[in-house]
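The numbers here are math on the coordinates, done by the rules we state, and not lab data. The structure presented is a predicted model; accordingly, all values stated were derived computationally and were not measured. Methodologically, a virtual Cβ is constructed for each residue, glycine included, from the backbone with ideal geometry; neighbour enumeration extends over all protein chains shown.
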């Protein structure tokens, strides 16, 4: 029998009202208590122990990994080790890939010539599209193929929940939630995915904190930029082995600075816009488990690496084409690209950067992966058209455009602190359903990025460091 | 067209739920999240004995109240999308804590298979589990597996099959609360049953309403308001399941 619509919703409302009257505050406790009682009854009936039943192995390890003395040093050491492995391991395959792509480009160029294609087509397809994508692949693929599996192994082993446990004290101090460190860990992979992972945080207030600050963890799309610049400019005069260590040190320092900013912003927000007391929660420390190495490595390489890479290429390709067009269509006597660069240059100089760099960040809004390639294309489109042979050639191009170590440092800082990428902001909107918070998630990092780079630039001049 | 049966996979975090999911579906799944954590729901497919199944990996949660977006997502899927079978994955090494979730699911649906995962670990630690006793007391199938060593999975698949054919029927245990609460539950349950006519588990709805579950009230209003007369069926709108399904 069909019910009358209005009648039904009336009855629904009555039901809710009646339930409201009957509901008592202590009821939840009663219910949960009863459930626990039933659980232990069942377990008592169905489970027997021949040994202590404890996981002594995990308990022993936890005494080390979560100890107040060793917890943080071990965490830092592991963080450093992961980055060292990534940087050291990625160098050679990166160079090989770059060589391979430029070798291939020679043949492609010949092919275009033989087919009698016009210059502009060659420009768009090869100099724009091909160079843009091959750059992204050769710079991004090797670090990702190392970083993702190593990180996944750590997680699979059960170490990440211990990180959350260690960090919990600090998060409590700034009024945030310990689980935020788990969402931050995901941010190392991809901020957009990390925004969704904040669902594990129960209270809306602390979840919002996690969402608004996640961007201060450099995602995979920014690793390329950070690692390349750190290796080129931060360890220039040192010998081989120490060079790697110095670059690793700079990266670890940047990550720590990002974490510091996270704490600072969390603290500031929980004192102002997001006032409140952190909620209690239980953090479960699962037993350490021998990771299924092969499964984890394959799954994370295939799923994560390919997913992120294909996104990068999908965006890098049109961005490459767009940059080429901007650089080659002239209005008046200069290209559109130069107009933009000249417009942005005063602001860029103030921040210790230049107009090209700001333009690259603007055009790179859809994905951080493309910022460095766009910058490079911008530089190359105006200067003499040389081939970037390997990473050394890259440094020469940057030096030719007046780069110093301060420029590199500020670009790294700007990359670390600036607004989230387009995908992340879309996710933030979808998770918060609020224009205001989405806008704030753009505004807060941007203001901080501008402020910090400004200070660094002024300080460098003041102390005559350059 | 071959009929496709739906299965939901529920469980606490770190129970090897995702390992089981991967084992069942192989690479026939939609993934894309970072480092193996289920932050959104993943759906996968597998066949067994000429039957096709869609299996949804619910977010790992400790309870199914409205504490977090994750819990709500899992709860809503079981209640409103009505999977034909819900598999509750428990960590065999800490059953007492895990059993809670199983009991909560049993309040929502009787079509449940309880899976004790990580049996290899439990064996190593000398934890002996008598699944027959638990099966009798819970009133639903209880199966020991180790998704890491791939043991017990055949038994699970068989049980799924026999549950679909109706060979196995379940009589889920009811958790009885204190007298006062029970009185209130029975009062509300009757009315809820009148309104929902079997479309929602009335006792569970009564219990949640008594707990003042505002989010559930909103969800019911959203899904039912004014639509009760045109025979609301289980599959309301897929968009509520989550993006990646």
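Rounded to the nearest 10 degrees, the inclination of helix A:160-173 to the longest alpha-carbon principal axis of chain A is 80 degrees. Take every DSSP beta bridge whose two residues both sit in segment B:4-165; close to 30 percent of them are antiparallel.
How would you rank B:70, A:99, A:29, B:213, going from fewest to most other Cβ atoms within 10 Å of each one's own Cβ?
Lowest count first: A:29, A:99, B:213, B:70.
To the nearest ten degrees, helix A:435-462 and the longest principal axis of the Cα atoms of chain A are 50 degrees apart. Dividing the mean sequence gap of close Cα pairs (under 8 Å, 6+ apart) by how many residues segment B:4-165 holds gives a relative contact order of 23 percent. For chain A, the mean residue ellipticity at 222 nm estimated from helices alone is -24000 deg cm²/dmol, where every DSSP H run of n ≥ 4 contributes -39500 (n - 2.57) and the total is divided by all residues, rounded to the nearest 500. Here the relative contact order of chain A, from alpha carbon pairs under 8 Å that lie six or more residues apart, stands at 18 percent. Values of log10 I(q)/I(0) for segment B:179-232 across q = 0.19, 0.25, 0.26, 0.28 Å⁻¹ run -0.64, -1.01, -1.06, -1.16, by the Debye formula with one identical scatterer at each alpha carbon and no solvent. Against chain A, whose longest principal axis comes from its Cα atoms, helix A:422-432 is set at around 20 degrees.
Remark: relative contact order (segment B:179-232) = 29 percent; criterion is Cα-Cα distance under 8 angstrom and separation of 6 or more residues. Modelled this way, with points 7 Å down the Cα-to-C-beta line, the labels at residue A:113 and residue A:33 are 8.7 nm from one another. Taking N as the residue count of segment A:121-225, its C-alpha radius of gyration divided by 2.2 N^0.38 Å amounts to 1.35. Over segment A:64-462, the reciprocal of the mean inverse Cα-Cα separation, the Kirkwood hydrodynamic radius, stands at 22.0 Å. Among A:415, B:18, a tally of other beta-carbon atoms within 10 Å of each Cβ gives an order, fewest to most, of B:18, A:415. Classify the protein assembly as shown: rounded, prolate or oblate, from the alpha-carbon gyration tensor (a ≥ b ≥ c, eigenvalue square roots; a/c under 1.5 rounded; otherwise prolate if a/b is larger than b/c)? Prolate is the answer for the protein assembly as shown, as a/c is 1.5 or above and a/b outweighs b/c. The distance linking segment A:58-120 with segment A:395-448 is 21 Å (Cα centroid to Cα centroid, whole angstrom).
Using the empirical formula 2.2 N^0.38 Å as the baseline, the Cα radius of gyration of segment B:131-176 reaches a ratio of 1.27. Summarising the strand pairing of the protein assembly as shown, around 40 percent of its internal DSSP beta bridges are antiparallel.
Projection of the Cα convex hull of segment B:4-165, averaged over all directions and equal to a quarter of that hull's surface, yields 9.1 nm².
Spherically averaged projected area of the convex hull of Cα atoms, segment A:170-225: 3.5 nm². When B:208, B:97 are sorted by how many other C-beta atoms sit within 10 angstrom of their C-beta, beginning with the fewest, the order is B:97, B:208.
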